Amino acid sequence: MDRRLTPAKFYEKNNQPLAVVNCTFFSFATNRNLNAVIKNGSMVAYNNHTIARRGKDTLTYFHPLASAIGISKKRKADVAWIFTDSSIKHPIAFEREPMLVKDSYQWVSKFVFAPELHHFPSREKRRGIKETWKMKTAVGGGPVLIRDGEIKITNNEELKFPGKAINDKHPRTAMGYTKDGRLIILVIQGRSESSGGATLVQEAQILKDLGCWEALNLDGGGSSCLLVNGRETIKPSDKEGQRPVPAVFFIRVWP
C-alpha cells in the first residue's frame, strides 16, 4: 500500500461499488497509511506507534493508541482504540480512552522519552481491559468524537491535533454507527465560498444529531471525498480536485 489513487480510481478498479470514502491519515513522503487498515480480515496497514513533540531543549516521544472503526463478519460496527503489531494477527482493542501517566518520563541527555501510555477499560459493556479485535474490515483515524451517544472528543488523549487546532474549520470525514446498527458516513465540504468546513466539535454535534452511538473523525482537509455511484457528494478542497490517497473504505451492494 505504498501508492496513492484518487477515490475515482479506486471506484473504477473495484467494480464500481456503491460508495467510496477516504479514511486514514497518511504520509505524503512515503504514501503509507499512518493508521490501521484491515481488509478481508487481514492487517494490511498498521498504526504509527510513535509521535514526537519538540520542547525548547527536549524531544518527547509518545506512544498513543489510535482509534479505528471496524465491521465484523456479522456486519456489526465497533469503534475502539487499538494496538497493532506485525507480530500479532489481530489488533488488541481497548474500550477506554488512553491516559498518560505523568511521571513516566525518562531523561536522556536533551531528549525525553515517554515510554508508555496506560490504558484502562471503559464502560461496563462487553470488554475487560483488552480484547482481540477480530474485524472483517476496519480503518483507523481519530480522534473519537462520540461515545455512548454523547460527545466525547479524545483529541488530547490520542495526540491528534495540537494546540487550538481542534477549533479550526476544515473539510471533514467521519464514520460512526447508530444503536440500531446503521452505519453513518459523513463528509463536510470546506475551504470554499459556500462552506468553510467544521470544527471537531461541530462535526461531533452533527454525528450526535444523526443518532450515532459511537463515531470517530477520519482524515479530512484536501483528502475529504465521498463518492456515491461514482459521483462526488462534496467538492474536494484541493485545487487539483480529488486527492490521491493510499486507502479508502467502500460499500458494495450484493445482488
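From the set of residues in segment 187-233 that are in contact (Cβ under 8 Å) with a residue 24 or more places away in the chain and among the acidic types (D, E), which is farthest from P162 (Cα to Cα)?
Among them, the one singled out is E214.
Answer yes or no: is there a residue in segment 1-22 that is crowded, with 16+ Cβ neighbours inside 10 Å and more than 19 Å from P236 (Cβ to Cβ).
no
Quick one: in segment 2-46, of everything that is in contact with a Leu (Cβ under 9 Å, 6 or more places away or on another chain) and of a type in the set (S, T, N, Q), which residue is nearest to S224 (Cα to Cα)?
N22
Given the criterion of a type in the set (D, E), buried (at least 19 other Cβ atoms within 10 Å of the Cβ), modelled with pLDDT of 95 or more and in a strand (DSSP E or B), identify the matching residue among E203, E214.
Working: E203 fails: in a strand (DSSP E or B).
Selected residue: E214, the only one of E203, E214 that is of a type in the set (D, E), buried (at least 19 other Cβ atoms within 10 Å of the Cβ), modelled with pLDDT of 95 or more and in a strand (DSSP E or B).
Identify, from the list V79, V20, V44, the residue that is touching a helix residue (DSSP H, G or I) at 6+ places or on another chain (Cβ under 6 Å) and either without any contact (Cβ under 8 Å) to a residue 40 or more places away in the chain or among the aliphatic types (A, V, I, L, M) (or both). Write out each step before concluding.
Working: V79 fails: touching a helix residue (DSSP H, G or I) at 6+ places or on another chain (Cβ under 6 Å); V44 fails: touching a helix residue (DSSP H, G or I) at 6+ places or on another chain (Cβ under 6 Å).
Sole residue among the options that is touching a helix residue (DSSP H, G or I) at 6+ places or on another chain (Cβ under 6 Å) and either without any contact (Cβ under 8 Å) to a residue 40 or more places away in the chain or among the aliphatic types (A, V, I, L, M) (or both): V20.
Of the residues A138, A29, A93, which single one is surrounded by 19 or more Cβ atoms within 10 Å (Cβ to Cβ), under 22 Å from R4 (Cα atoms) and at pLDDT 90 or above?
Values: A29 fails: surrounded by 19 or more Cβ atoms within 10 Å (Cβ to Cβ); A93 fails: under 22 Å from R4 (Cα atoms).
Being surrounded by 19 or more Cβ atoms within 10 Å (Cβ to Cβ), under 22 Å from R4 (Cα atoms) and at pLDDT 90 or above holds for just one of A138, A29, A93, which is A138.
Name every residue in segment 139-170 that is more than 16 Å from I184 (Cβ to Cβ) and of a type in the set (A, V, I, L, M), in order of residue number.
Once the filter is applied, which keeps residues that are more than 16 Å from I184 (Cβ to Cβ) and of a type in the set (A, V, I, L, M), segment 139-170 yields I153, L159, A165, I166.
Residues S195, S237: which one is surrounded by fewer than 17 Cβ atoms within 10 Å (Cβ to Cβ) and assigned to a loop (DSSP other than H, G, I, E, B)? Before the answer, list the steps.
Numbers: S237 fails: surrounded by fewer than 17 Cβ atoms within 10 Å (Cβ to Cβ).
Just a single option satisfies the conditions, and that option is S195.
For I166, indicate whether it is under 19 Å from T233 (Cβ atoms) and either under 19 Å from the mean Cα position of the chain (by Cα) or not β-branched (V, I, T) (or both).
Details: under 19 Å from T233 (Cβ atoms): no; either under 19 Å from the mean Cα position of the chain (by Cα) or not β-branched (V, I, T) (or both): yes.
Criteria not met by I166.
Take segment 64-89 and flag every residue that is surrounded by 17 or more Cβ atoms within 10 Å (Cβ to Cβ) and not in a strand (DSSP E or B). Spell out how you get there, then give the answer.
Initially, segment 64-89 is screened for residues surrounded by 17 or more Cβ atoms within 10 Å (Cβ to Cβ), giving 64-71, 77-84.
Scanning segment 64-89 gives P64, L65, T84.
Restricting attention to segment 168-182, does a residue exist that is outside any strand (DSSP E or B), of a type in the set (G, A, S), buried (at least 20 other Cβ atoms within 10 Å of the Cβ) and at pLDDT 85 or above?
At the first step, the residues of segment 168-182 found to be outside any strand (DSSP E or B) are 168-169, 171, 179-182.
Checking the rest, the ones that are also of a type in the set (G, A, S) come to 181.
Subset that is buried (at least 20 other Cβ atoms within 10 Å of the Cβ): none.
No, segment 168-182 contains no residue that is outside any strand (DSSP E or B), of a type in the set (G, A, S), buried (at least 20 other Cβ atoms within 10 Å of the Cβ) and at pLDDT 85 or above.
The values are calculated or read from the model by the stated rules, or taken from the named source; none is laboratory data. Bear in mind that the values here come from a model prediction, so they are computed numbers and not experimental data. Ideal geometry is used to build each Cβ from the backbone, glycine not excepted, and the neighbour counts take in all protein chains shown.
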